[in-house]
Amino acid sequence: MVASTSLNVVPDDPTAYKTREYWEERYQNEDSGTTFDWFKTYDELKPLFDNHIRDKNAKILILGCGNSTLGEDMYKDGYRNITNIDYSKTVIDNMKERCGDTPGMTWLEMDIRDLKFEDRSFDIVIDKGTMDAILCNRGDVWEPSEELINEVKQEVDEVVRVLKVGGAFLYITFGQPHFRRRHLERDCWEVKITTMGEAFHYFFYSMVKQQ
Ligand SMILES: C[S@@+](CC[C@H](N)C(=O)[O-])C[C@H]1O[C@@H](n2cnc3c(N)ncnc32)[C@H](O)[C@@H]1O
């Protein structure tokens, strides 16, 4: 994982990023008003988002929101139906407190591998760095274990389930296509990839559900 935050939150063992305990402890140890955006901010992503989200009332789900300002920045830009989920209770409580009672902005403690939403209920699902946390595992990155493949599959299966036909899954990561495409491919969509940055690349994967 690539974090440009203070060193005391970078674990000695990078597989810690895979655990709920790590995130819970990290957020408990931070000031409740701390914000941190992994990889890219909304300003940097907006041109790409604008190609996919044409309606400010689109129903948007942000997976593993953390204390990123993505949801707030989208709200400030006029989006009015944003659901933010994370499995850390602490970060969800902090973000609720930070954003107050903002109509059209919801914060829920939930695991992205087991979404408590109806089928076909969102227009847009966004993952910025969350699948990457799940993928932080020991072992061969070229040949991930069946267990790891299944864990990511649970996330993507849930995304497919809750997306409306015509809706889009937008995934922002440092993970190169060789390592990510296999997890994203499905019969119901085509995986499109945009590369961002110059020296160090980030990738914007977009998948529009066709059926
Ligand atoms: C790398 S951070 C990314 C945070 C934010 N999306 C951003 O762009 O800055 C990963 C976040 O995903 C959350 N997370 C990891 N696995 C999760 C899971 N299975 N279900 C829900 N949240 C998860 C962590 O608690 C953490 O807040």
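The values are calculated or read from the model by the stated rules, or taken from the named source; none is laboratory data. Fair warning: this is a prediction, and the values are worked out from it, not measured in the lab. Here the Cβ positions follow ideal geometry from the backbone for every residue, glycine too, while neighbour counts run over all protein chains shown.
Which one is surrounded by the fewest Cβ atoms within 10 Å (Cβ to Cβ), of the residues in the stretch 44-81 that are β-branched (Val, Ile, Thr) and within 16 Å of the ligand (Cβ to nearest atom)?
The selected residue is Thr69.
Test Arg120 against the criterion of being surrounded by fewer than 19 Cβ atoms within 10 Å (Cβ to Cβ), away from the ligand (no atom under 11 Å from the Cβ) and either in a helix (DSSP H, G or I) or of a type in the set (A, V, I, L, M) (or both), and give yes or no. Can you show your working first?
Details: surrounded by fewer than 19 Cβ atoms within 10 Å (Cβ to Cβ): yes; away from the ligand (no atom under 11 Å from the Cβ): yes; either in a helix (DSSP H, G or I) or of a type in the set (A, V, I, L, M) (or both): no.
Spelling it out, it is not the case that Arg120 is surrounded by fewer than 19 Cβ atoms within 10 Å (Cβ to Cβ), away from the ligand (no atom under 11 Å from the Cβ) and either in a helix (DSSP H, G or I) or of a type in the set (A, V, I, L, M) (or both).
For the stretch 171-191, which residues satisfy the criterion of being part of a strand (DSSP E or B) and touching a Phe, Trp or Tyr at 6+ places or on another chain (Cβ under 7 Å)?
Going residue by residue through the stretch 171-191, those that are part of a strand (DSSP E or B) are 171-173, 186, 189, 191.
Listed by number, the residues that qualify are Tyr171, Ile172, Thr173, Val191.
With respect to Ile92, determine if the residue is more than 16 Å from Leu170 (Cα to Cα), among the β-branched types (Val, Ile, Thr), within 11 Å of the ligand (Cβ to nearest atom) and free of Cβ contacts under 8 Å to residues at least 40 places away in the same chain.
Here the answer is yes, as Ile92 does meet what is asked.
Mind checking which residues of the stretch 136-161 are in contact (Cβ under 8 Å) with a residue 60 or more places away in the chain and either touching a His at 6+ places or on another chain (Cβ under 9 Å) or crowded, with 21+ Cβ neighbours inside 10 Å (or both)?
Glu155, Val159
Within the stretch 101-116, can one find any residue that is loosely packed, with under 13 Cβ neighbours inside 10 Å, modelled with pLDDT of 95 or more and within 15 Å of the ligand (Cβ to nearest atom)?
Within the stretch 101-116, one or more residues are loosely packed, with under 13 Cβ neighbours inside 10 Å, modelled with pLDDT of 95 or more and within 15 Å of the ligand (Cβ to nearest atom).
Quick check on the stretch 171-211: of everything there that is among the β-branched types (Val, Ile, Thr) and surrounded by 12 or more Cβ atoms within 10 Å (Cβ to Cβ), which residue is nearest to Leu148 (Cα to Cα)?
Thr173
Restricting attention to the stretch 142-154, does a residue exist that is among the basic types (Lys, Arg) and part of a strand (DSSP E or B)?
Checking the stretch 142-154: not a single residue is among the basic types (Lys, Arg) and part of a strand (DSSP E or B).
Of the residues in the stretch 85-100, how many are assigned to a helix (DSSP H, G or I) and buried (at least 19 other Cβ atoms within 10 Å of the Cβ)? Walk me through how you get there before you give the answer.
Within the stretch 85-100, the first condition is being assigned to a helix (DSSP H, G or I), and the residues that meet it are 89-99.
Filter again for buried (at least 19 other Cβ atoms within 10 Å of the Cβ), leaving 90-92, 94-95.
Final tally of qualifying residues: 5.
Just to be sure I understand, how many residues within the stretch 149-179 are touching an Asp or Glu at 6+ places or on another chain (Cβ under 8 Å), within 13 Å of the ligand (Cβ to nearest atom) and among the charged types (D, E, K, R)?
Final tally of qualifying residues: 2.
Is it fair to say Trp23 is under 21 Å from Ser206 (Cα atoms) and near the ligand (Cβ under 9 Å from one of its atoms)?
Against the criterion (under 21 Å from Ser206 (Cα atoms) and near the ligand (Cβ under 9 Å from one of its atoms)), Trp23 does not qualify.
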